[in-house]
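Working notes, beginning with the structure itself.
The values are calculated or read from the model by the stated rules, or taken from the named source; none is laboratory data. Source: prediction; values computed, not measured. A quick note on method: Cβ atoms are made from the backbone with ideal geometry, for glycine too, and the neighbour counts reach across all protein chains shown.
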Amino acid sequence: MSRSVRALAGAGAVGAVVAGLCAPGQARAAGPTTARPASAVQRVSTASDGAQADGASGPAAVSADGRYVVFWSAAPNLGAGYFPALLVKDTVTGQLAQVPKPQGYGGGPLAISADGRYVAFSTGTRYPLPYVHDRRTGTTELVRPKDPPIGSEISDVAGLSADGRHLAYTITNRHGNAPVLLYVRDLDSGADELLTPAGPSGHPFAAGGSLSRDGRVAAYGIHRRGGSDPDTGDVFVRDRDTGEVEQADITHDGSPADGPARLAQLSADGRYAAYTSTATNVVPGGTAPGSHAYVRDLRAGLTWRVAGDGAVAKAVSGDGRWVLVAEGGRLVLVHARSGQRRDVGPGDRADSGAVDGGGRAVAFSSEAADLVPGDTNAAYDVFVRRW
């Protein structure tokens, strides 16, 4: 069945006015100082006429070309009412468009296709459900398995392929006593593929999901509730054509990791996986206790530690070269191999999809009032920093 037949009719067209050198496996995080190349910050959560929002905005995701930013906002002057508004900003023209959606709460994960045409989001009045909106045709499609597990009320967006054809999404029950399953939907054919195990042992659950640009490669975390294994989280990458599965958070010598890992994002070509781990034995020589950010080159079989001392990997650029990390109360963009560092901004509010294809733009939210002139709304705003 075609996408257009299965889609729910949208509310018309999208409405306007309301987006040093560190060797592989080296234990030391690269670059103790943060480089400050020329950059510019643009506030995205503003009306089409430039008026600042009268409420909080975020989180956000940016298209691969850095032009379109999708974000949630509770600002009435940007279209929010009892429920938040879902918005897309064209950062070139300044035009703000509201995405038609079913009534419901927002604030959850977002994804946007490479060209900004497709937007994936979750919303609901009681429990979230995932949708994909086509900004060109104005249609919105609810995504659910044809035969979902009994009692599976909660479902969330996990990732969207760059072409907008494949959506990764999770599904579980509201009680927290069932596995969290990860599916990938082919929005053209309507076919669903279950990627994660549904076995009862330890209640395995998917934690995060990310797709390559064509949807062929999927990355996801598998965690377990309960059990005696101290490592309760691993990151896997699956080739959906061949069925081959590879563990991304493996240690340098193949021994079991002594701490859990959590997926951040997969690069557009499916080659690089960025993740956070508290294991101390990922790289030779070991690391201090605490969280560290890593990138795994799945083709070369190499792992780089890009940041440590409590760092958390948030996102990776489409080309896999730049990793967005939160550390020390700031967001920093780190080049995975050279260790070059670019300061993004204060706080840690950024998610998967926050970096564009080449690491030239980062979308994030902050309540800082000194990032752009005239920021007087005393609320979280969405920004894009560019280099």
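Does Gly345 qualify as being touching a strand residue (DSSP E or B) at 6+ places or on another chain (Cβ under 8 Å) and modelled with pLDDT of 95 or more?
yes
I'd like to know if region 217-226 contains one or more residues that are at pLDDT below 90, closer than 18 Å to Ala120 by Cβ, in contact with a Ser or Thr (Cβ under 6 Å, 6 or more places away or on another chain) and part of a strand (DSSP E or B).
no
Filter region 274-313 for residues that are within 12 Å of Gly259 (Cα to Cα), in a strand (DSSP E or B) and of a type outside the set (S, T, N, Q) and give the result.
Matches in region 274-313: His292 only.
Please go through (1) modelled with pLDDT under 95; (2) surrounded by 24 or more Cβ atoms within 10 Å (Cβ to Cβ); (3) hydroxyl-bearing (Ser, Thr, Tyr) for Ser255 and return the number of the only condition it doesn't satisfy.
Here Ser255 clears every test but (2).
Considering region 316-352 alone, what residues qualify as being hydroxyl-bearing (Ser, Thr, Tyr) and under 13 Å from the mean Cα position of the chain (by Cα)? Steps first, answer last, please.
First, the residues of region 316-352 that are hydroxyl-bearing (Ser, Thr, Tyr): 317, 338, 352.
Selection gives Ser317, Ser352.
Residue check, Ala80 against (1) buried (at least 17 other Cβ atoms within 10 Å of the Cβ); (2) modelled with pLDDT of 95 or more; (3) within 22 Å of the chain's Cα centre (by Cα); (4) in a loop (DSSP other than H, G, I, E, B), all met but one. Which one?
(3)
Under 6 Å between Cβ atoms, which residue pairs at least 6 apart in sequence (or on different chains) link something in region 326-337 that is over 16 Å from Thr276 (Cβ atoms) with a partner that is surrounded by fewer than 20 Cβ atoms within 10 Å (Cβ to Cβ) and aliphatic (A, V, I, L, M)?
none
Restricting the search to region 141-154, which residues are in a strand (DSSP E or B), buried (at least 19 other Cβ atoms within 10 Å of the Cβ) and at pLDDT 95 or above? Talk me through it step by step, then tell me what you get.
Within region 141-154, the subset in a strand (DSSP E or B) is 141-142, 154.
After this cut, where a residue has to be buried (at least 19 other Cβ atoms within 10 Å of the Cβ) as well, the list is 141, 154.
Hit for region 141-154 is Glu141, nothing else.
Would you point out the residue of region 292-312, among those that are of a type in the set (Gly, Ala, Ser) and under 17 Å from Gly328 (Cα atoms), that is surrounded by the most Cβ atoms within 10 Å (Cβ to Cβ)?
It comes out as Ala293.
Of the residues in region 323-370, how many are of a type outside the set (Gly, Ala, Ser) and assigned to a loop (DSSP other than H, G, I, E, B)?
First, pick out the residues of region 323-370 that are of a type outside the set (Gly, Ala, Ser): 323-325, 327, 330-335, 337, 340-344, 346, 348-349, 351, 355-356, 360, 362, 364, 367, 370.
Applying the additional criterion that residues be assigned to a loop (DSSP other than H, G, I, E, B) yields 337, 340, 348-349, 351, 356, 360, 367, 370.
Residues flagged as of a type outside the set (Gly, Ala, Ser) and assigned to a loop (DSSP other than H, G, I, E, B) within region 323-370 amount to 9.
Select from region 375-387 the residues that are in contact with a Ser or Thr (Cβ under 9 Å, 6 or more places away or on another chain), outside any strand (DSSP E or B) and among the hydrophobic types (A, V, I, L, M, F, W, C) and write down the one among them that is surrounded by the most Cβ atoms within 10 Å (Cβ to Cβ).
Per the stated criteria, the residue is Ala379.
Just name the residue that is surrounded by the most Cβ atoms within 10 Å (Cβ to Cβ) out of those in region 363-374 that are among the aliphatic types (A, V, I, L, M) and either more than 25 Å from Gly221 (Cα to Cα) or more than 12 Å from the chain's Cα centre (by Cα) (or both).
Kept after step one, since they are among the aliphatic types (A, V, I, L, M), are these residues of region 363-374: 363, 368-369, 371-372.
Okay, now just the ones that are also either more than 25 Å from Gly221 (Cα to Cα) or more than 12 Å from the chain's Cα centre (by Cα) (or both), so 368-369, 371-372.
Working: Ala368: 15, Ala369: 13, Leu371: 17, Val372: 15.
That would be Leu371.
Considering only residues that are of a type in the set (Ser, Thr, Tyr) and assigned to a strand (DSSP E or B), look in region 60-77 and name the one that is surrounded by the fewest Cβ atoms within 10 Å (Cβ to Cβ). Even if it seems obvious, please write down each step before you answer.
Let us first name the residues in region 60-77 that are of a type in the set (Ser, Thr, Tyr), namely 63, 68, 73.
Next, from what is left, pick out any that are assigned to a strand (DSSP E or B): 68, 73.
On the way: Tyr68: 27, Ser73: 31.
Among them, the one singled out is Tyr68.
Considering region 296-305 alone, what residues qualify as being closer than 17 Å to Ala219 by Cβ and out of contact with any Gly (no Cβ under 7 Å at 6 or more places or on another chain)?
Initial filter on region 296-305 (closer than 17 Å to Ala219 by Cβ): 296-304.
The answer is Arg296, Asp297, Leu298, Arg299, Ala300, Gly301, Trp304.
Condition first: in contact with a helix residue (DSSP H, G or I) (Cβ under 9 Å, 6 or more places away or on another chain) and part of a loop (DSSP other than H, G, I, E, B). Now tell me which residues in region 101-140 satisfy that.
Thr137, Thr139, listed by residue number.
Against the condition crowded, with 23+ Cβ neighbours inside 10 Å and over 12 Å from Gln265 (Cα atoms), how does Val316 come out, does it pass? Don't jump to the end; show me each part of the working.
Values: crowded, with 23+ Cβ neighbours inside 10 Å: yes; over 12 Å from Gln265 (Cα atoms): no.
Answer is no for this residue.
Hey, any hits in region 179-195 for a residue that's of a type outside the set (Asp, Glu) and over 21 Å from Gly243 (Cα atoms)? First the steps, then the outcome.
First, the residues of region 179-195 that are of a type outside the set (Asp, Glu): 179-185, 187, 189-191, 194-195.
Of the ones still in play, those that are also over 21 Å from Gly243 (Cα atoms) are 179.
Yes, there is a match, as at least one residue in region 179-195 is of a type outside the set (Asp, Glu) and over 21 Å from Gly243 (Cα atoms).
Please list, ordered by first then second residue, the pairs with beta carbon atoms under 7 Å, 6 or more apart or interchain, first in region 116-131 and farther than 24 Å from Ala162 by Cβ, second part of a strand (DSSP E or B) and of a type in the set (Val, Ile, Thr).
Tyr127/Ile154
A quick yes/no check of all residues on (1) surrounded by fewer than 24 Cβ atoms within 10 Å (Cβ to Cβ); (2) closer than 20 Å to Gly357 by Cβ; (3) not aromatic (Phe, Trp, Tyr):
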residue	(1), (2), (3)
Asp115	yes, yes, yes
Ala120	no, yes, yes
Thr123	yes, no, yes
Arg126	yes, no, yes
Ala158	no, yes, yes
Leu167	no, yes, yes
Arg174	yes, no, yes
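Which condition number in (1) at pLDDT 90 or above; (2) in contact with a His (Cβ under 7 Å, 6 or more places away or on another chain); (3) outside any loop (DSSP other than H, G, I, E, B) is the one that Phe205 fails?
All conditions pass for Phe205, except number (1).
Given the options Arg385, Arg305, name the one that is among the charged types (D, E, K, R) and under 30 Å from Asn77 (Cα atoms).
Every option except Arg385 fails the conditions.
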